[in-house]
Amino acid sequence: MRLFWVDTETFSECDLKARGTHAYAEHGSTEITVFQYSYDDDEPEVFDCTLPGEAGKARAVLHRAAGSPDVVLVAHSSHFDRTLLRNCWGIDVPVERWQDTMIQAMAHGLPGSLDKIGAILGLEQDQAKDKRGRQLIQLFCKPQARTGKRCTRETHPAEWSEFLGYSRQDIVAMRAIARKLPSWNYRADHPELALWHLDQRINDRGFAVDLELARAAIDAVAIEQARLKAEVHELTDGEVSSPSKRDQLLVHILMEYGVTLPDFKADTLRRRMEDPELPEPVKLLLAIRLEATKTSTAKYRAVVNAASADGRLRNTLQFGGAQRTMRWAGRMLQPQNLPRGTMPQEQVDIGIQALKQGAATLVFDNVMELTANTIRGCIIAPPDKKLVVADLSNIEGRGLAYLAGEEWKVQAFRDVDAGHGHDLYKLAYARAFGIDPKGVTKGQRQIGKVMELGLGYEGGVAAFLTFAAVYNMDLGELADAVHTAAPKESIAAAYGMWEWATRKRRTLGLERNVYVACEVLKASWRAAHPAVTALWSNVQDMVTRAITRPGEVFRYRQLAAQCTGAWLRVRLPSGRYLCYLTPKVEDGQITYAGVNQYTRQWARIKTYGGKLSENLVQAWARDVLAHNMPAIDASGYEIVLTVHDEILTETPDSPEFNADTLGDMMASPPPWAADCPLAAAGFETTRYRKD
């Protein structure tokens with residue numbers, strides 16, 4: 001097998017960031033200006049495709065490589081290069097012939113940027129050269145911001161010569177990175193490579209979108225935002241010009257009403273609005289702010305801007321976008337981050353028609369809420385097709401119980417699947433408080449749900465509160481319910497934790513009765529899940545021993561950890577590895593090098609048993625979802641999207657394609673989880689919705 005390293009530089013009047021790869025590639029002004037390649041370790045060759053005849057020579061080189069079955073093409077972020085070569089030069093090399101150094105890096109827990117990977121792996125870098133390279137890309141790859149004119153080899157000959165030299169270096173960097181990266185999760189015979197090939201076919205396929213709805217929603221939101229702007233201007237006597245003006249609004253609320261706000265996060269505003277002491281004008285201003293800053297408009301614009309000429313939106317999934325777990329992340333439309341539905345589906349359906357007819361304000365009082373609920377409806381089936389959708393049921397809950405060996409809970413899932421088990425959220429509450437699940441009320445079930453979602457990964461009071469806010473749980477009512485139902489000894493123990501938290505100033509700003517109630521729920525959930533609690537400590541111990549004794553393999557149940565060189569790798573049941581770079585244990589604290597989720601910078605990251613368990617369970621759940629995707633796609637259920645644990649497929653509009661069959665395929669257990677109960681259910685539709 002020979003490796004054909006390839007990279008392209010382009011020019012276009014189209015905005016790549018706003019329009020996405022496919023719309024960019026289809027744009028009439030887009031052209032490949034530089035083509036660089038190398039076979040194996042040969043010296044890279046660069047074609048200046050702006051010179052007469054050079055593009056033809058470059059195409060001939062690419063044709064020869066594509067026509068040789070023993071040649072594998074390698075690029076960094078290859079989806080861009082593949083799409084450009086297909087649209088600009090008419091050369092469509094099957095995706096199975098490609099590999100990608102960006103995916104190789106991401107498969108081992110690293111970011112995807114070429115320069116960031118190089119810095120992390122210790123490749124020689126010259127920051128001044130890096131900055132200069134970015135300047136040259138800005139100069140030659142798009143029109144100039146001030147003048148709108150194009151810079152070329154004729155207008156800037158010295159800079160163009162420099163640009164060709166920088167282009168050559170991308171090949172050198174790719175090869176060096178590929179050599180230094182591990183191949184545990186990404187090599188020719190690894191299932192992850194075949195799965196990435198499927199992912200690329202899914203991204204190339206895309207899904208049909210309702211452009212009429214998207215444009216109508218954009219217009220309706222613009223009208224509503226103008227109305228909200230005028231309302232804020234009037235309510236504040238002109239002191240605040242728009243609800244988007246954060247600082248103006250903060251100052252007005254402080255000076256006029258004496259109310260301070262720590263931030264303008266949505267959860268913070270919602271909690272303050274529940275305060276009965278808050279002045280009504282402030283509540284109104286905060287409500288307007290919440291509505292006016294909803295992000296659904298950006299998603300509608302992404303649909304309109306990035307849709308291809310055939311009315312399909314492509315390249316909305318990033319393979320391995322969630323570091324380490326390798327879950328899919330969203331791009332452009334960000335389908336993994338669609339707003340949580342707040343309206344009944346029948347109202348959403350009416351709203352879609354009202355938006356299209358320009359009559360949304362006549363039918364609905366809150367247009368911003370409506371458009372947040374209708375964004376899913378932009379994903380549609382084309383004529384004579386339907387969408388068949390199914391979702392793995394509580395796959396993380398099942399994975400946590402299965403990996404931990406929490407047998408009563410694994411059996412509870414089996415019972416639910418068989419149709420005679422108790423609702424898991426009712427069961428969670430019942431076991432925590434030692435009552436019959438049949439007697440669990442609706443409100444108690446909601447508490448059980450928040451316990452299940454917030455406490456499975458060693459979460460405490462803070463984690464519980466986060467999920468309580470997501471599900472709009474009244475903390476006062478929660479506290480009353482817990483203090484009524486909990487045993488006296490549990491309350492007494494929780495008061496002890498309150499006193500500790502008070503001394504440490506870690507009460508999270510909560511009243512005592514609320515903090516105590518959350519502490520009771522945490523302790524009760526843990527007592528009901530001894531195997532899960534043991535998983536946290538045993539995973540931490542396994543990893544600690546692996547780090548402190550490099551080369552040795554340490555196991556816990558179906559998991560195994562080993563330090564190899566600069567890497568800690570934890571083997572999943574599927575055979576895939578979770579990878580952590582330069583791990584350390586200092587004073588009992590585990591750290592590794594990674595991307596800080598808040599600063600987005602490369603830094604030392606602290607971790608612990610619960611967080612490691614979360615990584616493992618989410619990676620396991622992703623592997624379960626991924627295992628059956630090739631068979632599903634090959635069965636005529638053409639996958640167009642994955643959203644968390646849900647698969648959207650496009651099929652012929654005929655009865656043999658149905659949600660029950662798709663669900664059965666999704667719930668077929670992999671050989672490495674043969675005894676784990678799985679279930680999936682779904683629906684058929686011509687317009688995507690939340691079931």
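The values are calculated or read from the model by the stated rules, or taken from the named source; none is laboratory data. Just so you know, these numbers come straight off a predicted model, no measurement behind them. Ideal geometry is used to build each Cβ from the backbone, glycine not excepted, and the neighbour counts take in all protein chains shown. Calculation scope for accessible area: heavy atoms of the full protein, side chains included, ligands and nucleic acids excluded. Shrake-Rupley method; radii C 1.70, N 1.55, O 1.52, S 1.80 Å.
A compact table of results
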read-out: Neighbour cut-off at most 10 other Cβ (10 Å), DSSP loop, GluC sites (Glu not before Pro), region 124-201; value: Glu124, Glu154
read-out: Pairwise centroid distance, computed over Cα atoms, of region 1-39 with region 280-343, Å; value: 26
read-out: Hits among lysines - C-alpha to C-alpha of Lys438 under 25 Å, sequence gap 8 or more where chains match; value: Lys409, Lys426, Lys449, Lys488, Lys522
read-out: Exposure ranking of Glu54, Glu458, Glu586 by accessible area [1.4 Å probe, largest first]; value: Glu586, Glu458, Glu54
read-out: FRET efficiency, 1/(1 + (r/R0)^6) with R0 60 Å, evaluated for Asp70 and Ser244 via beta carbons; value: 0.55
read-out: Candidate residues Ile435, Ile223: accessible-area rank, largest first, probe 1.4 Å; value: Ile223, Ile435
read-out: Share of carbon and sulfur in the accessible heavy-atom surface of region 3-83 [1.4 Å probe, %]; value: 49
read-out: Probe 1.4 Å, accessible area per residue of region 321-409, Å²; value: 39
read-out: Chymotrypsin sites (Phe, Trp or Tyr not before Pro) within region 581-650, DSSP loop, no more than 15 other Cβ atoms inside 10 Å; value: Tyr598
read-out: Residue order for Leu453, Leu261, Leu362, Leu73 - accessible surface, 1.4 angstrom probe, largest first; value: Leu362, Leu453, Leu261, Leu73
read-out: FRET efficiency estimate (nearest 0.05) - Cβ-Cβ, Ala527 to Asp384, R0 41 angstrom; value: 0.15
read-out: Region 449-509 - percent of accessible surface contributed by carbon and sulfur, probe 1.4 Å; value: 52
read-out: In region 267-314, GluC sites (Glu not before Pro) in a DSSP loop with at most 15 other beta-carbon atoms within 10 Å; value: Glu274, Glu277
read-out: 15 Å cut-off, amide nitrogen to a point 7 angstrom out along Ser654 Cα→Cβ, residues in region 594-632; value: none
read-out: Approximate spin-label separation Val251-Glu511, in nm, with each point projected 7 Å along Cα-to-Cβ; value: 3.5
read-out: Computed accessible area, Met332, all protein chains, 1.4 angstrom probe, square angstrom; value: 60
read-out: Amide H within-cut-off set for Gly330, under 5 Å, with H built and near neighbours excluded; value: Gln318, Gln336
read-out: Rg/Rg_globular for the chain, with Rg_globular taken as 2.2 N^0.38 Å and Rg from C-alpha atoms; value: 1.04
read-out: Gained length - Thr502 relative to Asp219, 0.36 nm times residue gap less alpha-carbon distance; value: 96.8 nm
read-out: Net length gained if the chain between Arg97 and Gln345 were fully extended (0.36 nm per residue, minus Cα distance); value: 84.9 nm
read-out: Rounded accessible area of Val93 (nearest 10 Å², 1.4 Å probe); value: 10
read-out: Full-stretch length increase - Thr466, Met273 - with 0.36 nm per residue and alpha-carbon distance subtracted; value: 67.8 nm
read-out: Per-residue SASA entry for Asp675, accessible area with 1.4 Å probe, Å² rounded to 10; value: 90
read-out: Cα-based reach from Lys116 at 26 Å (exclusive), listing lysines while leaving out same-chain residues under 8 positions away; value: Lys17, Lys129, Lys131, Lys142, Lys180, Lys584, Lys606, Lys611
